[in-house]
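Structure, as structure tokens:
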Amino acid sequence: MSATIPQYRILIVDDEPNIVLAIEFLMKQAGYEVAKAYNGLEALEKVNEFKPHLIILDVMMPHMDGFEVARTLRQDDSYFNTKIIFLTAQGTDRDMAKGYGSGGDIYLTKPFDNKELTTIVQEITEYELN
Amino acid sequence: MRAWVVLIVSFSYLASLFGVAYWADKMRAKGKSLIRNPIVYALSLAVYCTAWTFYGSVGRAATHGIEFLAIYIGPTLSAPLWILILRKIIVISRSQRINSIADFISSRYGKSSTLGGLVTIIAIVAIIPYISLQLKAVSTSFELLTQQNSFVTKVLNGESFFADKAFYVAVILGLFTIFFGTRHLEAPEHHEGLVAAVAFESIVKLLAFLAVGIFVCFFLFDGFGDLFSQAMEVPDLHEMYNSSPSSSLRPWNWFWLNLISMFAILFLPRQFHVAVVENTNPNHVKKAIWLFPLYLLLINIFVIPIALGGRMFFPATPGIADTYVLQLPLENGQNLLALLVYIGGLSASTSMVIVATIALSIMASNNLIVPILLRTSIIKESFERDISSRLMGIRRLVIISILMIAYAYFSSLGQNRSLVSIGLISFVGVAQFAPSVLGGIFWRGGNRKGAIAGLLLGFIVWGFTLPFVSLLPDGATADSILENGVFGWGIFRPYALMGLEGMDQISHATFWSLFVNLGAYVFVSLLTSPSALEHSQANLFVNIYQLERTYQEKPIWKGKAYLFDIENLLARFLGPRRTETILNQYAAEKGIKLTKTKEVDFELINHAEKQLAGAIGAASARLLISSVVKEEPPKLREVMEALDETHQLMRYSKELEQKSDELRRASEKLQLANARLKEMDKLKNDFLTTVTHELRTPITSIRALTTIVHDNKDLDEAKRHEFLGIVIKECERISRLINQVLDLEKMESGHAEWNLTEVDMLEIVSSTASSIKGICKERNIKLIENYPDSIPLIIGDRDRLVQVVMNLLSNAVKFCDHEKGEIKVTLELKEEKIQLMVQDNGIGLKKEVLPYIFDKFSQFTDLKSGRPHGSGLGLSITWRIVHLHKGSISVESKENHGASFLVELPLEKKIKSPSRFSVP
């Protein structure tokens, strides 16, 4: 779990600064390059700017929710391969279906397990890099 | 004239009556009925004209003018109505085998033996004076004919018991009636001989009266014109027939006389007997309605001429006017004519006495004696014996008893009081049947209790206002009662009940008795409900024409009975031979064979009941039949099914309508409740979702951060401090959320505690605002405050009001623009209200969510609209607090143009007690 893949970029989007703070710490610890956004609109701006390989995306946010962000990204071919992990407090089957339908790759519910999140991110990146 | 001559003539006449009766019965046996004829029917109705008509009308006309006509005008006027009333009564009576008016009323009101008995008693009491009048007429005319010279002195001196011919007349008439009327017990066929004899007598009395009328008019005087012109020269007579109406001729008195005579022609027991029981064809009524009035016209045509002639012939003795009919021929030496007149009077009396006593004896035995015997089970014990002969004995005894009582009444009656109105006393008594009978055939709502109440009260009032007075011995007591009332109570004066004065005695009695009778009948009927049997009988009587055809086929008795029992029962009351005939006829008609040990069907039971009813009355018959039928009387439902399908259906559909109405209302309520439930369910789900989310968010960061601290032992101190600091804040956030939820719940359920004091909103707003100054500075938010110098105090809960201000301010901080934030807080007094305005310049609220912004969690249901931080309960709690202070809160906002919240708190409305804090 050392910083071995410096080119891999992760965007963290959540309206809760404390959650962003925790995830940022975990991802940096795992050696990723991190950017942060606190709502949907900001997230879209950051995506263009930062070109992340992976987005950890909250669902319920002011201005534009996570599903909307994902759908917008998927319409743009340049972000077709960007991985999206939904991280949300809403964990019903319907919410998950909505998440996958809007273009998410993984759906995790809050509160999450630090190791699980890190492992998933690592597995995705290893698969991508191979 | 010698007494034996008169006696021989009298007995010859009576013998000829037998002859007529015998002939009629013979013809009937040959199948040529004499009485199945509308003319005979109309003549038999003329039994209405008694000795009272024959002698009394002339007497009345001689002393009171044309008043006598009232009791003939009544029936004449009402005759057309017979098509409606009499015909219906006849049809009902045929279908129910009714044989007296007592039976009719009893039958109508659920075959009630109480009613039958009551009607019988009323009828006997009412008719006895009337019969006594006939006895007097016969005995007086007999004496006049045999000892005319001593007549006037005899009347004045009174009579000794044995010298009184009336006693012998009573005995002879009694015996004659017994021979006439009690040959058959039951009345399946009609008393053909009786009816023929009565019709014959009607002809005799009419001819006799016309003869004397012609004699007076054309032999004593020179025709009508001569008679009248001579009469008008007599001052008394001139005044009587020309002056303005005397007191007894006032229109109201005429009205009452007409009314009671209308009732009498139908409800006098003898009239009911000839008009209904002996009727052979209901359609005969159609002819009778003009034939009978014609008869009345003929028999009255010479009344006034004879009266005037009498007054001119006997100017000194107007008191004997009742006997002018007889005196005029006698005085002129026309003995043969006098004898004919005597026979005419005899015929008028005998026909009345015979028919009346037969009718009363049937009523008395069927409705009084047999029910009592059945109750005391004398008859039941002697089960094996044929008791038809015993019943016959009872009837004969009743006939003799009635005549003896009539005689006793006659001889005890003060001879100088109210003699003329004896007949009218009976009329008023009999008129008491009118409400029960007429109500019974036209109004289904009339019931047994109403009929009993009406009859009883009417009877009591009648008894008090009429016979009671006539039986009072002359003297001081009588005068005092008449003048001052019973026991000196003024309202109980027999001639002025309740102080009603100015009516003559008969009108007064008629008015009061019928008033209380009808009133009680209607009132009690409306207040009480009928039994099943009453209900079905009521329906049958009122709707007889519709039901007549179907009635026969409908089962009334649902039970089972053995032929053996039925046969025994019939044999006991009708005799074995008659029973055999009845059963054989029935079997032949139906084409079936009857076996003794077999059960019989309801039709035969009905048939048997009717046969029995013909002999002993409906109530008793029902009682007896029910003793052999192995089942209780018909239940309500069955009777309804049998007789009352339309009514049942109507009621059913009404019920159905009601039910569906109720259902509709219930389902509306249910729908409402359901919608409310759904709404509440949705609110609950929203609540759960929100609370879950709100709990998960801090828990997420707490878990992530503590895990980091836990997993990284070498984490630098600053980071560790920062992370744990966040954890502590997030824990506080959770506690806050939980407190808010509890708080809201308390406020909603009314359990919140309120600490009411005088509070200064200026102080609250300014101190709360200064507490957020720090965070504003941190986030670069400009806070603009606008307060007056002072503001009135209000009553309220300080901490809650701080909570309101805090909620609004922290929302404003949360939502105001991130870069150039600006919050404006304004406090002012406007229109007796304290207004607090909090404005921000942030993202604002979508139009759609505005109406729901203060609803608990509602602002979160539309997730896409973007969700404010915090529990989501803040505004809901704020709304509640403001409203509990009798204030209001509103919001104005445009998307991306900020929001402004306005709180208004009233100055005057003081909050007295927390218990009044109820908010919808």
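Throughout, read-outs are computed from the coordinates displayed, never taken from laboratory work. A quick note: this is a predicted structure, and the numbers were derived from the prediction, not measured. Here Cβ is always computed from backbone atoms with ideal geometry, including for glycine, and neighbour counts include all displayed protein chains.
See the values below:
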| quantity | calculated |
| --- | --- |
| Given charges at Cβ of Lys, Arg, Asp, Glu: region B:647-744 dipole, positive-most of B:LEU737, B:THR706, B:SER660 | B:SER660 |
| Proxy reagent accessibility, fewest Cβ within 10 Å first, across B:CYS731, B:CYS49, B:CYS776 | B:CYS731, B:CYS776, B:CYS49 |
| Of B:LYS136/B:LYS449; A:LYS110/B:LYS820; B:LYS782/B:LYS847; A:LYS51/B:LYS846; B:LYS111/B:LYS659, those spanning more than 28 Å from alpha-carbon to alpha-carbon | B:LYS136/B:LYS449; A:LYS110/B:LYS820; A:LYS51/B:LYS846; B:LYS111/B:LYS659 |
| Per-residue Cβ neighbour rank within 10 angstrom, fewest leading, B:ASP226, B:ASP797 | B:ASP226, B:ASP797 |
| Residue-by-residue Karplus 3J(HN,Hα) for region B:508-514, coefficients 6.51, -1.76, 1.60, Hz, glycine and proline x | 4, 5, 4, 4, 5, 5, 6 |
| Scaled radius of gyration (Cα, divided by 2.2 N^0.38 Å) that region B:727-823 gives | 1.26 |
| Test item: Cα-centred dipole of chain A, Lys/Arg +1 and Asp/Glu -1 on Cβ, debye | 100 |
| Dipole of chain A [Lys/Arg +1, Asp/Glu -1 at C-beta], most positive-end residue of A:ALA22, A:THR109, A:SER78 | A:SER78 |
